[in-house]
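J.: Here it is: the structure, laid out below.
The values are calculated or read from the model by the stated rules, or taken from the named source; none is laboratory data. Predicted, not measured: the structure shown is a model, and the values here were computed from it. When we count neighbours, we look across all protein chains shown, and the Cβ atoms used for this are built from the backbone with ideal geometry, even at glycine. Keep in mind that these areas ignore ligands, DNA and RNA; they rest on the heavy atoms of the full protein, side chains included. Shrake-Rupley method; radii C 1.70, N 1.55, O 1.52, S 1.80 Å.
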Amino acid sequence: MTGLCIRLLRELWHWRESGVPVRFAPCPPPALRAPPLPAQNAQAPRFLAALVLAFMFSGAVHALQVTDDRGVVVTLPRAPQRIVSLLPSLTETVCELGRCQQLVGVDRYSNFPASVQKLPQVGGGLDPNIEMIVALKPDVVLMAISSRAGERLQSLGLKVVALEPRSHADVQRVMLKLGQLLEVPDAARIWRAIDAGVSAAAQSLPPGVRGTRVYFEVNQGPYAAGEASFIGETLARLGVKNIVPAKLGPFPKLNPEYIVRANPDLIMIGQRSADGLQARPGWQSIRALREQRLCIFPAAEADMLVRPGPRMAEGARLMAACLAGKTPGVKP
């Protein structure tokens, strides 16, 4: 029996070396050895081997598996305790799930909640500082699927989970996926609160807002939020018309003349992009600018609006307030 234990211990030692914690049951001392088995009982050795295996694996922790947006199955021995996030919306979601203290590094644009501003910044999400990330020894790196760093980090032995929410359904899916990865059982509750907040913002608007033609600029270029984006979906739930159709993609780069021809009733734009708006060729003829139907969001509010994450309901309230105050024919 002791020899069998030794052989099995050697057979299974590689499990511990691979990072899966295993509690080994001690082999029985000589004084407690069972008497020799009758020769006719051929099944007894198999039974004893199974019994030893059961004791050895009684303390094993089941591996945790998550399938990311690349379709890659990522396996970890346990929920990650050291996380690097390379996308602001993922950073905010980790914190909303109550795991902010497990973040050890973030990209340069992650600035909410305030506590993450004290963490090491590892560059941009698309081109992060690989050496700095490796030095932080993360259990997992969260990033967008568009990041070019994934393969390099994986080749260095790091676990990478790529998630990129673009629609309301994506936000819900990513929330649940991160809840699974971080072992947070009530992630669905957070999504329900977001969804209810967007609905409440829509219900707060007067009927005269419906059908307002809106242009939402997410960045200079100009890059717009189309109907297919999470911002476009929020605008649709608020009852207004986006001048950028879904067929152009979630966040297309537009020819400025397109916006002039579309002639929106109202423009939503961040402060960083609003400088020189009146000087854009032909824009003086746009109704929204002529009548000052323009909402310019400060940097902190603009960041919130363009991040598909846990603050989407707050973003919907900001857009609703803009619509109520600036829509033609609607008294603030």
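J.: Failed condition for Asp69, given (1) surrounded by 16 or more Cβ atoms within 10 Å (Cβ to Cβ); (2) in contact with a strand residue (DSSP E or B) (Cβ under 6 Å, 6 or more places away or on another chain); (3) over 18 Å from Leu181 (Cα atoms); (4) among the charged types (D, E, K, R), with all others met?
T.: (3)
J.: What are the residues in segment 109-122 that are farther than 18 Å from Glu301 by Cα and crowded, with 17+ Cβ neighbours inside 10 Å, if any?
T.: Leu119, Gln121, Val122
J.: Let me ask something additional. Which of the following residues is in a strand (DSSP E or B), in contact (Cβ under 8 Å) with a residue 12 or more places away in the chain and open to solvent by 20 Å² or more (accessible area, probe 1.4 Å): Ile296, Ile267? Outline the logic, then answer.
T.: Numbers: Ile267 fails: open to solvent by 20 Å² or more (accessible area, probe 1.4 Å).
Ile296 is the lone residue from the list that is in a strand (DSSP E or B), in contact (Cβ under 8 Å) with a residue 12 or more places away in the chain and open to solvent by 20 Å² or more (accessible area, probe 1.4 Å).
J.: Kindly check whether there is at least one residue in segment 193-210 that is of a type in the set (Ser, Thr, Tyr) and either at pLDDT below 95 or crowded, with 22+ Cβ neighbours inside 10 Å (or both).
T.: No.
J.: What residue, among those in segment 215-224 that are touching a strand residue (DSSP E or B) at 6+ places or on another chain (Cβ under 9 Å) and touching a residue at least 40 places away in the same chain (Cβ under 8 Å), is most open to solvent (accessible area, probe 1.4 Å)? Before the answer, list the steps.
T.: So in segment 215-224, the residues touching a strand residue (DSSP E or B) at 6+ places or on another chain (Cβ under 9 Å) come out as 215-219, 221-224.
With touching a residue at least 40 places away in the same chain (Cβ under 8 Å) added as a condition, the list becomes 215-219, 222.
Details: Tyr215: 0, Phe216: 7, Glu217: 3, Val218: 39, Asn219: 83, Pro222: 6 Å².
The selected residue is Asn219.
J.: Regarding segment 162-176, can at least one residue be identified that is surrounded by fewer than 17 Cβ atoms within 10 Å (Cβ to Cβ), hydroxyl-bearing (Ser, Thr, Tyr) and in contact with a helix residue (DSSP H, G or I) (Cβ under 9 Å, 6 or more places away or on another chain)?
T.: Within segment 162-176, one or more residues are surrounded by fewer than 17 Cβ atoms within 10 Å (Cβ to Cβ), hydroxyl-bearing (Ser, Thr, Tyr) and in contact with a helix residue (DSSP H, G or I) (Cβ under 9 Å, 6 or more places away or on another chain).
J.: Okay, next question. Checking Val116 against (1) of a type in the set (A, V, I, L, M); (2) touching a residue at least 40 places away in the same chain (Cβ under 8 Å); (3) in contact with a Ser or Thr (Cβ under 8 Å, 6 or more places away or on another chain), which test does it fail?
T.: The one condition Val116 does not meet is (2).
J.: Tell me which of these Leu305 doesn't satisfy, since it passes every other one: (1) open to solvent by 50 Å² or more (accessible area, probe 1.4 Å); (2) closer than 24 Å to Ser110 by Cβ.
T.: So the condition that Leu305 fails would be (1).
J.: Follow-up question, since we're still on this one. So which residues in segment 157-190 are among the aliphatic types (A, V, I, L, M) and over 25 Å from Gln101 (Cβ atoms)?
T.: Going through segment 157-190, the residues among the aliphatic types (A, V, I, L, M) turn out to be 158, 160-163, 169, 171, 174-176, 178, 181-182, 184, 187-188, 190.
Scanning segment 157-190 gives a single hit, Ala169.
J.: Residue by residue through segment 126-135, note down the ones that are at pLDDT 95 or above and surrounded by fewer than 19 Cβ atoms within 10 Å (Cβ to Cβ).
T.: Within segment 126-135, Asn129, Ile130, Glu131, Met132, Val134, Ala135 meet the criteria.
J.: Further question: Which residues, counting only those in segment 94-118, are of a type in the set (Ser, Thr, Tyr) and over 21 Å from Leu305 (Cβ atoms)? Step through it out loud before you land on a result.
T.: Going residue by residue through segment 94-118, those that are of a type in the set (Ser, Thr, Tyr) are 109-110, 115.
Scanning segment 94-118 gives a single hit, Ser115.
J.: From Ala321, Ala279, which residue is surrounded by fewer than 16 Cβ atoms within 10 Å (Cβ to Cβ) and closer than 26 Å to Phe112 by Cβ?
T.: Numbers: Ala279 fails: closer than 26 Å to Phe112 by Cβ.
Of Ala321, Ala279, the one residue that is surrounded by fewer than 16 Cβ atoms within 10 Å (Cβ to Cβ) and closer than 26 Å to Phe112 by Cβ is Ala321.
J.: Looking only at segment 110-128, filter to residues that are touching a Leu at 6+ places or on another chain (Cβ under 9 Å) and not in a loop (DSSP other than H, G, I, E, B); which one of those is farthest from Arg148 (Cα to Cα)?
T.: Of everything passing the filter in segment 110-128, Ser115 is farthest from Arg148 (Cα to Cα).
J.: Ok, one more. For segment 147-154, does any single residue satisfy the condition of being crowded, with 21+ Cβ neighbours inside 10 Å, at pLDDT 95 or above, out of contact with any Leu (no Cβ under 6 Å at 6 or more places or on another chain) and among the aliphatic types (A, V, I, L, M)? Walk me through it before giving the result.
T.: At the first step, the residues of segment 147-154 found to be crowded, with 21+ Cβ neighbours inside 10 Å are 147, 149-150, 153.
Those still in the list that are at pLDDT 95 or above too: 153.
Going one step further and asking which of them are out of contact with any Leu (no Cβ under 6 Å at 6 or more places or on another chain), we end up with 153.
Still in the running and among the aliphatic types (A, V, I, L, M): 153.
Yes - at least one qualifying residue is present in segment 147-154.
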